[in-house]
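Laboratory data are not the source of any read-out in this text; all were calculated from the coordinates shown. Computed from a prediction, not measured in an experiment: that's the story for all the values here. Here the Cβ positions follow ideal geometry from the backbone for every residue, glycine too, while neighbour counts run over all protein chains shown.
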Amino acid sequence: MLPRRQTGEWGLRIGVCIKQVPDTDAHPRIADSGRHVDDRDVNWVISSCDLCALEEALLLIEAAEQAGGGRPELVAFSLGPARVEEALRKALALGADRAVHLLDDGFQGGDALADGRALAAALRREECDLVIAGAQSDDLGQAATPAVLAQVLGRPYAWLVMAVDLEREHRSVRVLRELEAGMNEVLRLELPAVLAVQAGINKPRFASLRGTLQARRKPLERMDSSSLGLDPESVGKAGAGIETTAIRLPPTGGGGLLIDNASPEAAAAELIAHLEREALL
Amino acid sequence: MSGADTVVWMVQNAGSEAGSREVRVCGPALGPDLRLARLDEERLGPYSPGIYAEALSALIAGERGEERERRTIVLLPHTYQVAEFAPLLAVQLGAAYIPSICGAGREAEGGGLRFRRAILQAKLQAEVRPRARTVVATLQSGAFGSDEPPASPTRVVDVCLPADMERSHERQILGREAAGAGGVDLAGAERIVTAGRGVGGADQVSVAADLASALGAELGASRPVVDNGWLPREHQVGSSGHTVAPSLYVALGVSGSIQHLMGMSGSRVIVAINKDPEAPIFSVAHYGIVGDLHEVAPALTRLLNERAARRRS
């Protein structure tokens, strides 16, 4: 086991969970099996909300340092195959102090519940006071893993967080949470707590060259099912509540009309004619 | 197989009509034993994810315990409140969790349950099979036919706090506030032109603003446009911003995330202009133009302005 770093007199440790996903700007291809996305030629990146989670943790740490009382420690967690190490190195380059890679063949085929159980075990082991993750991933978008962490760890939870402040005097966090219809809610959560942050909460920074060089020397620990004391039946495919049976292109069109005209002027004129017929102009 | 072995719980939030019709349209496809569970702030106290999940799970687990040989499916509308607490409920019930589904049914052969949901930002759809006997599923808004009649439940239950449950102080509500300043009336607008990420930058939003002014429309924005600071948040269309249903909705360079589609798919006529023919926005558009919005939108603006000038003279 690596020695624990000092976390300042407040003794705060923040855990950020990141997921590596296919770059969503590219069009995914369906694999021959019909059940998976073809992962050849995929550019793997950190899911955008998770980058915001990491940035928010860095901002909290910088604010805590400025207020005095030492630097909280930041640990990045990710579950996935060997390629995920690149995402963790990026988190280290951005400013995380340590990284934990949940790497085990037995984790393959897990859903949010199975992966959440494994991540929760690692977060518990590292005694994280505040866990921050993205509100939903760019690939499956289930918005479930952070909630599973909160439930398994037995901690208060807030989803769609748009602002966070550490409240040292209360040992709590004050958060702004998005509601429907353009309303926000202000909440106080006692620590330890789990937060899922919404995209747009901040603008994630870019890694500096110095950060990238430093990242190579920062500790990255691997944990598997047995080192986490997990029942192999509770993780991966065996522990998943769902199974994907097929992946398809979405059904096209609600009978919409494609205005197929090479010239922008002609297309615009044709659209105006349609809008006139619809009595909209 | 008709689902006779299945109990279907349809969950409704008494404080909000959102999604309750869809839950009642989806329910009958899964089984005839339809029970309605009503969540109500008056009975449960102010919303907190832990309390709502626990109260609902106590009810469902209690009845499931008496009917062990049966399968249980819990259907909830995919509102922001539900999407926060439903995964907690799934863990408590030891259930499969299948969020934001756009389709649900049984296989013709064998009667196995199948759910459909969008993945990779609505670029693909996955068909999902639950492996657990209990399923918690949330329903994508707008995905379940508004033409079909909603089913009547065989039983209605108001969800109560379990007797032994204590309200925790771990999460306190300090207040509520509007997310942005006023001045933009998207909800009441008859016409909206929305700028998406495809407009390219803060300095190019004028391409959408010019078209909006030629149409006498309000200016909307997709989430990435707001997140990038190209337009203030009060312009945001989508489930996290304004849900809109104007007569005319013009999407410029909007790819069409699920959240965006949820917020505008009720518009009477939807026009999409996008250079990517595979953009999900085209699946809800009534008129689509595949092309460079920086060419098409100015042409449209010019023709509309000329048309207005002709009418005045």
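Some notes on this structure:
- Pairwise Cα separations in the stretch B:117-271 fall into 5 Å bins from 0 onward with the following percentages, short to long: 2, 8, 13, 16, 14, 12, 11, 11, 7, 4, 2, 0, 0.
- Overall, the protein assembly as shown carries a charge dipole of about 420 debye about its Cα centre when +1 sits on the Cβ of Lys and Arg and -1 on the Cβ of Asp and Glu, all other atoms neutral.
- Using just its DSSP H runs of length 4 or more, each adding -39500 (n - 2.57), chain A gives a mean residue ellipticity at 222 nm of -8500 deg cm²/dmol after division by all residues.
- Amide H contacts for A:V37 (H built 1.01 Å from N in the peptide plane; partners 5 or more residues away or on another chain; cut-off under 5 Å): A:A31.
- Peptides A:108-116, B:217-225, B:151-159 ranked from most to least packed give B:217-225, A:108-116, B:151-159, packing being the mean of other C-beta atoms within 10 angstrom over each peptide's residues.
- Using alpha-carbon coordinates, inclination of helix A:112-125 to the longest axis of chain A, degrees: 20 degrees
- Nearest 10 degrees, 0 to 90: helix B:293-312 Cα axis against chain B principal axis: 60 degrees
- Dipole axis of the stretch B:123-173 (+1 Lys, Arg; -1 Asp, Glu on Cβ), positive-most option in B:S152, B:Q172, B:V135: B:V135
- Cβ-based exposure ranking for A:V75, B:V254, in which fewest neighbours within 10 Å come first: A:V75, B:V254
- Taking every alpha-carbon pair within chain A, the share separated by more than 23 Å comes to 58 percent.
- Summing Cβ point charges (Lys, Arg +1; Asp, Glu -1) relative to the Cα centre of chain A gives a dipole of roughly 1120 debye.
- Counting all C-alpha pairs of the stretch B:1-98, share separated by more than 17 Å (%): 49 percent
- The residue list A:S208, A:L176, A:L228 was ranked by how far each Cα lies along the charge dipole of the stretch A:168-232 toward its positive end, using unit charges on Cβ atoms, and A:S208 comes out on top.
- For the protein assembly as shown, the equivalent ellipsoid derived from the alpha-carbon gyration tensor has semi-axes of 38, 31, 24 Å in decreasing order.
- Chain B: antiparallel DSSP beta bridges as a percent of all, rounded to 5: 20 percent
- Computed over the stretch B:191-312, Kirkwood Rh from alpha-carbon pairs, angstrom: 13.9 Å
- Mean residue ellipticity at 222 nm, helices only, chain B: -8000 deg cm²/dmol; runs of at least 4 DSSP H residues each add -39,500 (n - 2.57), and the sum is divided by the number of residues.
- Averaged over the residues of A:215-228, the number of partner chain Cβ atoms lying within 10 Å of the residue Cβ comes to 0.
- Using the alpha carbons alone, the radius of gyration of chain B stands to its Kirkwood radius in an Rg to Rh ratio of 1.04.
- Positive dipole terminus of the protein assembly as shown, leading residue within A:V152, A:L88, A:S47 (C-beta point charges): A:L88
- Relative contact order (%) - chain A, alpha-carbon pairs under 8 angstrom, separation at least six: 23 percent
- Principal-axis tilt of helix B:49-66 within chain B, Cα atoms, nearest 10 degrees: 40 degrees
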